[in-house]
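Below is one structure, written out as structure tokens, with a few remarks after it.
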Amino acid sequence: MFGAFRPTAVSLGGLLWKIPWRLSTTRKANVRKRLRAVDSVIEAVRASGVECGSLNKALELPKEHEMPPKDKYTTYSPYGRGYRKGIHKVPKWTRRTLRTNPKGF
Amino acid sequence: MALTTLRLRAPALRLSALPRASTTQLRAASTQQPTPPPAESPVEPLTHYRITLKRSAISLPERIKGTLESLGIHRRLQTVYHEHSQINAGKILRVKELVEVHNVPASAVRTKTEQRHERKAPRGYAVVGSRLDQSL
């Protein structure tokens, strides 16, 4: 149980990166900041007066102030507890659109 | 010493202007900023997107990187100008997490060279004349 060769997660599994289960207050604040930055881009394109399909699709996305906290900080996962996992477990999550989830989840 | 260098540099400036270069080249050579005159009409129509890459596309899908290339963006914090059109709007929305976009009038559009000259620090002096020209 003790000693140099004790079976710990690190010694048994090799590389171990621990991702916290939930986001910290600061990281959540940064999430909201990024969401607002994307909102401003969509708003700028809308204000330009151009009409196109991709803009309609982008306008359907909920804005930062319309999203429930659940959608801001977690996302759908078929394997997670309650079909949810932290949004920070998604690869490249800070540079992807992850605003909407399946209806009912 | 400083005076001599000043006088030596002056003809070089003239030389660059001699072969009737285009107005943009002339403007680049001058120390003044190529700012347009204060707006004649109070409200100028916004016709262009000013796009700045804030987040890198490293390790994102090739199609996202290709979109940035087609917008003419090659590095982070680079700014490009594109006119309002459906194609450009679609490209911007494809990379909306990576860029910052503002609508600007046509007079605010700058080429890469003009942007560089605007960033440049002022020289701190102005060439008023040259003895070499007087002697000739």
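The values are calculated or read from the model by the stated rules, or taken from the named source; none is laboratory data. What you see is a predicted model; the values in this text were computed from it and never measured. Every residue, glycine among them, receives a Cβ derived from its backbone with ideal geometry; neighbour counts consider all protein chains shown. Side chains included, ligands, DNA and RNA excluded: accessible areas come from the protein's heavy atoms. Shrake-Rupley method; radii C 1.70, N 1.55, O 1.52, S 1.80 Å.
Side notes on the structure shown:
- Residue-wise HN-Hα couplings along segment B:82-97, as the Karplus relation 6.51 cos²θ - 1.76 cosθ + 1.60 with θ = phi - 60° gives them from phi, are 9, 6, 5, 7, 4, 5, 5, 4, x, 5, 4, 5, 5, 10, 5, 6 Hz; Gly and Pro carry x.
- Placing unit charges on the Cβ atoms only, positive for Lys and Arg and negative for Asp and Glu, gives segment A:1-44 a dipole magnitude near 160 debye about its Cα centre.
- Exercise: per-residue mean of other protein chain Cβ atoms within 10 Å, B:55-62: 2
- Backbone N under 20 Å from the B:K54 label point (7 Å along Cα→Cβ), restricted to segment A:52-81: A:55, A:58-67, A:72-73
- With helices as the sole contributors, chain A gives -11500 deg cm²/dmol at 222 nm; each DSSP H run of n ≥ 4 counts as -39500 (n - 2.57), and the sum is divided by every residue.
- Under 5 Å from the amide H of B:T79 lies no amide H of any residue 5 or more positions distant or on a separate chain, with H modelled from the backbone and absent for Pro and chain starts.
- Residue-wise HN-Hα couplings along segment B:60-73, as the Karplus relation 6.51 cos²θ - 1.76 cosθ + 1.60 with θ = phi - 60° gives them from phi, are 8, x, 4, 5, 5, 4, x, 4, 5, 4, 5, 7, x, 9 Hz; Gly and Pro carry x.
- Under 24 Å from A:K18, Cα to Cα: lysines that are on another chain or at least 8 residues apart: A:K28, A:K70, A:K72, A:K85, A:K89, A:K92
- Viscosity 1.306 mPa s, temperature 10 °C, Stokes-Einstein D of segment A:24-89 from Kirkwood C-alpha radius, µm²/s: 118
- Spacing of the modelled spin labels on B:E69 and A:T25, each 7 Å from Cα toward Cβ, amounts to 4.6 nm.
- Rolling a 1.4 Å probe across the protein heavy atoms gives segment B:46-119 an accessible surface of 54 Å² per residue.
- When the accessible areas of A alone and B alone are added and the area of the pair subtracted, with a 1.4 Å probe, the result is around 1600 Å², both sides summed.
- Of all accessible heavy-atom area on segment A:24-89, the percent that carbon and sulfur account for (1.4 Å): 51
- Globularity index of segment B:46-119, i.e. its alpha-carbon radius of gyration over 2.2 N^0.38 Å: 1.07
- Rounded to 10°, Cα long-axis angle of helix A:25-47 versus longest principal axis of chain A: 20
- Accessible area of A:F105 (1.4 Å probe, protein heavy atoms only, ligands and nucleic acids ignored): about 80 Å².
- Heavy-atom accessible surface of segment B:46-119: percent carbon and sulfur, 1.4 Å: 51
- Peptide packing: for B:54-61, A:36-43, the average count of neighbouring Cβ atoms within 10 Å per residue gives the ranking A:36-43, B:54-61, highest mean first.
- Highest mean packing first, where packing is the average number of other Cβ atoms within 10 Å per residue, the peptides B:86-94, A:78-86, B:99-107 line up as B:86-94, B:99-107, A:78-86.
- Inter-chain neighbour count for A:46-58: the average number of beta-carbon atoms from partner chains within 10 Å of each residue's beta-carbon is 5.
- Members of segment B:74-91 that become less accessible by 50 Å² or more once partner protein chains are added (1.4 angstrom probe, chain alone as reference): B:Q86
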